[in-house]
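J.: Structure in structure tokens, see below.
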Amino acid sequence: MPSLSPRLQQIYKQLIPGEAVWDFCCDHGYLGSHAYQSKLFPEVNFVDQVPEIMARLEERFQREIAQDTNPTTSRFIASAGENLTSELTGNIVISGVGSYTIFKILKSLQEKNLLKARRLILCPQNDVVKMDEIKKLPGFYYRQAQEIISVNEKDRVREIFVLDQTTHT
């Protein structure tokens, strides 16, 4: 298992232990695999819309990472994030895609009343200005938990937004 990039290390540090992890647009599954191996999270859900990516990831995961003694449950979901139909709790990580994709996923989950996560960790590849629109979605009860984290990666700065659920009044 390759080590985590500086960006993924920062994202991993923001996860709330004891809560589920939803690794959206997971591609190689490095973040979710590290969460699984840590045994700090009850479940890790890998989500990507490309079935072939998910099949390869699950096969590699079962061969190289899965452990009979690990209490963490792993699930592999080949679906666009906006098409999910079950409630999402714990930590949601959406990284490696543009902010328009992040917006589309969160808007759909919010409209279907499925967005119940305690923490959102969002790291858009581009168009970070769209992040302000996410915070204005009707019924979106998440607020910035801390300062935006900036990480230098491959000659560019990547911003990580950490949002925690708030109660609505």
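J.: Taking region 64-100 as the region of interest, how many residues are open to solvent by 10 Å² or more (accessible area, probe 1.4 Å), modelled with pLDDT of 95 or more and in a helix (DSSP H, G or I)?
T.: Number satisfying all stated conditions: 2.
J.: Check Leu109 against each of (1) farther than 15 Å from Ala20 by Cβ; (2) open to solvent by less than 10 Å² (accessible area, probe 1.4 Å); (3) without any contact (Cβ under 8 Å) to a residue 60 or more places away in the chain; (4) not in a strand (DSSP E or B) and name the one condition it does not meet.
T.: (1)
J.: Could I ask something else about it? Does region 29-38 include one or more residues that are under 23 Å from Thr85 (Cα atoms), of a type outside the set (Lys, Arg) and in a loop (DSSP other than H, G, I, E, B)?
T.: yes
J.: Then there's this: Tally time: how many residues in region 141-169 are out of contact with any strand residue (DSSP E or B) (no Cβ under 8 Å at 6 or more places or on another chain) and open to solvent by less than 70 Å² (accessible area, probe 1.4 Å)?
T.: Total meeting the criteria: 1.
J.: Any idea which residue in region 44-59 is nearest to Glu19 (Cα to Cα), counting only those that are assigned to a helix (DSSP H, G or I) and either of a type in the set (Val, Ile, Thr) or without any contact (Cβ under 8 Å) to a residue 24 or more places away in the chain (or both)? Let's see the steps before the verdict.
T.: In the first step, residues of region 44-59 are kept if they are assigned to a helix (DSSP H, G or I); the result is 51-59.
If we keep only those that are either of a type in the set (Val, Ile, Thr) or without any contact (Cβ under 8 Å) to a residue 24 or more places away in the chain (or both) as well, we get 52-53, 55-56, 58-59.
Numbers: Glu52: 28, Ile53: 25, Ala55: 25, Arg56: 26, Glu58: 21, Glu59: 25 Å.
Per the criteria, the residue is Glu58.
The values are calculated or read from the model by the stated rules, or taken from the named source; none is laboratory data. Nothing here was measured: the structure is a model prediction, and the numbers come from that model. Neighbour counts run over all protein chains shown; Cβ positions are idealised from the backbone, glycine included. These accessible areas exclude ligands, DNA and RNA; they are computed on the full protein's heavy atoms, side chains included. Shrake-Rupley method; radii C 1.70, N 1.55, O 1.52, S 1.80 Å.
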